[in-house]
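Just below is one structure, and these are the notes that go with it.
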């Protein structure tokens, strides 16, 4: 190879890396196009490395790269490169229109069509990738925003029955911004040690480490030593803590009420000058309650804390919720269509390692066995609930499920702590032979069901993905995931937190076979290529597999009783 050829190969490798990171510019994409025109082998490297078929299948109505190349090859000889691309996009079929088609044509394509294919792939990839970057950022960007944001100032440490306005469920780590809790409870721990208790409806802004603005509703605050001076503002008052526990309420008409449970607070009119503020300061002592008008006029009121959120109120709500779930879980385990059911209750780590994991599905207890390898016993959705943590490459649950199933429902409660840009296992069969399922969180960040097929092209056609999970449920929060497979209708449906997130019609369908498999990991990863390890980065505290297709109402019920 000439020195010029080596330089071009190095440049090509650098462009691949930029594309992987989501930072490829239009000019750089055109440079890639020029390279694949001269060397069709680079197109094959590009496609294999990025699995563009998977990306395009999600972003372009289910069109796999194998079909895109076929379309490009069918254009008129007189078409220019540009019109070739536009025609390929305009005429692309959906996965439904390709039902029953084979996937072996890729191997028969002649590389004389590499030029047209290269143009289509690079231009479409560039458009898809740049749109992805604008709408949601790369996978790692989504993680940074949703869970490990550098500007976070607080944590959502506990919630019970929480419903947030417009479905805007906050992440575990909270940055400055607005929170609108419609109903239920939430406990927030500010990084300076202040604890805020909320009960919906409440609308507030986390302003900074030292300040919260209460728009409407009620909150209770406990301020420890070292955090004195914590400030809560409303439309009529600025409350400055002096080392206390207090409760404050704000109504839509600008009236506020303050109750000092312990210690002392200072009240100031909101928005007044410094001199005027100090002259109008009002100290409220332990056991006192006042109501403040929009004009900063005060009158004493009765101390009534029953209507304010508190630690004990949240604890009662959480305990009630947990007991309701336990009763439901016991009844659910008796379903005749239940193949596999784990809730990780009642055993310590040593018992799990020695005795294995009991399958709670009453009809299958003798047929399905489970062994826990590694895994930490950690807190689940509630403080009383146990979960298994999958944080090491060895952590896994080994299972064996005999039989073939034309209908299946996969479901679990999972806390995903990080999307690392690699596939993460939920349930993976040891081998990926014909009609064996791989249920996982894909490296692109979506919930995906893959089905083993004899050829690579056929496997591409059988992948079914959802929307990006970080856009549906914040990382670090407990999330309910479910996927149904129906061989009769050839439909795969994905659900996130009780709502349908996507559906796909497959070109063909047969009963699925699980056999030996793993939850949270993969026993037989590829020896070469990317993603040799696929362990989950998070926790699971409930897992179920049914030999039936649950409808949307049944999946919503599982979510509602478990949230």
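Only the coordinates and a few stated rules stand behind these numbers; no lab work does. Just so it is clear, the model here is predicted, and its values are computed rather than measured. Cβ atoms come from the backbone with ideal geometry, glycine included; neighbour counts cover every protein chain shown.
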Output the direction-averaged projected area (hull surface divided by four) of the convex hull of the alpha-carbon atoms of region 243-357, in nm². 13.5
Show me 3-10, 199-206, 174-181, 474-481 ranked by packing, highest mean number of other Cβ atoms within 10 Å first. 474-481, 199-206, 174-181, 3-10
Under the definition of Cα pairs under 8 Å and six or more residues apart, what whole-number percent is the relative contact order of region 145-309? 15
For a quick protection proxy, order the peptides 316-322, 191-197 by their average other-Cβ count within 10 Å, most packed first. 191-197, 316-322
Starting from the Cα-Cα distance between residue 422 and residue 348, subtract it from 0.36 nm times their residue separation and give me the gain in nm to one decimal. 23.6 nm
Between residue 394 and residue 280, what is the FRET efficiency for a Förster distance of 60 Å, r being their Cβ-Cβ separation, to the nearest 0.05? 0.40
For a quick protection proxy, order the peptides 438-449, 420-431 by their average other-Cβ count within 10 Å, most packed first. 438-449, 420-431
Apply 1/(1 + (r/R0)^6) to the Cβ-Cβ distance of residue 210 and residue 499, taking R0 = 30 Å, and write down the FRET efficiency to the nearest 0.05. 0.20
For the pair residue 7 and residue 242, how long in nm is the line joining their label points, each one 7 Å along Cα→Cβ? 7.5
